[in-house]
Every structure is written in structure tokens, then in C-alpha cells.
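Comments concern the structure below.
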Amino acid sequence: MSVYVIADIKVTDPSWIPEYAAAVHDIVHKHGGKYLSRSANVKTLEGKPLDTTLIAILQFPNEEAVKAFATDPAYAPYGKMRQEGSESRFQLIDDTDAAGTIPYLRKG
């Protein structure tokens, strides 16, 4: 079962981004994850816009892999840089359908 991390970020100090972007991809990959998107091209299509300036969507094989990534000592300094230079919200979702009507997704 795949799981996804949606990182919703409002950058307050962009100085952390180049080092973070250069290093964290390899740490994500080490834990079986991959980026599906990491973009500052954020457009609100409906509803009140948030202060989001960057969204990343990552796929991992399971929740344990996400936890291993998040607690990896190699990630700690980069996580701290991101937290100090942004307001971040990371959300974890699985690959289920809450309504159970999409045939290629498991009922959630």
C-alpha cells in the first residue's frame, strides 16, 4: 500500500532551500520514497488561497518508510533548516478511496 506525504510550505526565509533541495532527495530515496512534485507554481483553483509558496508531494511504500525518513539522523539538520525558514504542514494520506466507488483504489 503506497502512502503519500503532502508538504504544504510557506517559505519565510528562502536561504535553506538550495541545500535542502540538493540533499533531501537522496534521503527520501534511501527510504523507498520519491518526489511526485516539488513546485513553487502553486495556483488556487477554488476556495480561499492559503499562504502556501511551495508544495511537495512524495510517495513512499508504506507509513513505516515515512517514519524512517522523518526520523533519519541524516534528515535532522535539513528538517531543522526547513522548520526555521518556513511554516510547514506535512500530511500523510494513503491510497484509499473514502467513498469506495473508485474501482482501482481500496475502500478507505
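The values are calculated or read from the model by the stated rules, or taken from the named source; none is laboratory data. Please read all numbers here as calculations on a predicted model, not as lab measurements. Heads up, the Cβs are rebuilt from the backbone with ideal geometry, glycines too, and the neighbour counts pull from every protein chain shown.
Structure summary
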item	result
Selection status of residue 48, over 16 Å from residue 91 (Cα atoms) and either free of Cβ contacts under 8 Å to residues at least 24 places away in the same chain or part of a strand (DSSP E or B) (or both)	yes
Residue match in segment 77-95 (condition: crowded, with 17+ Cβ neighbours inside 10 Å, of a type outside the set (S, T, N, Q), touching a Gly at 6+ places or on another chain (Cβ under 9 Å) and modelled with pLDDT of 95 or more)	no
Pairs where the first residue, in segment 13-25, is of a type in the set (A, V, I, L, M) and the second is part of a helix (DSSP H, G or I) and surrounded by 12 or more Cβ atoms within 10 Å (Cβ to Cβ), C-beta under 8 Å, 6+ apart	23/78; 24/78
Positions within segment 26-37 being loosely packed, with under 15 Cβ neighbours inside 10 Å and touching a residue at least 12 places away in the same chain (Cβ under 8 Å), in sequence order	30, 34, 36, 37
Among residues of segment 1-45, those that are in a helix (DSSP H, G or I) and among the basic types (Lys, Arg), counted	1
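Matching residues to (1) more than 12 Å from residue 86 (Cβ to Cβ); (2) over 11 Å from the mean Cα position of the chain (by Cα); (3) among the small types (Gly, Ala, Ser):
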position	(1), (2), (3)
4	yes, no, no
10	no, yes, no
23	yes, yes, yes
36	yes, no, no
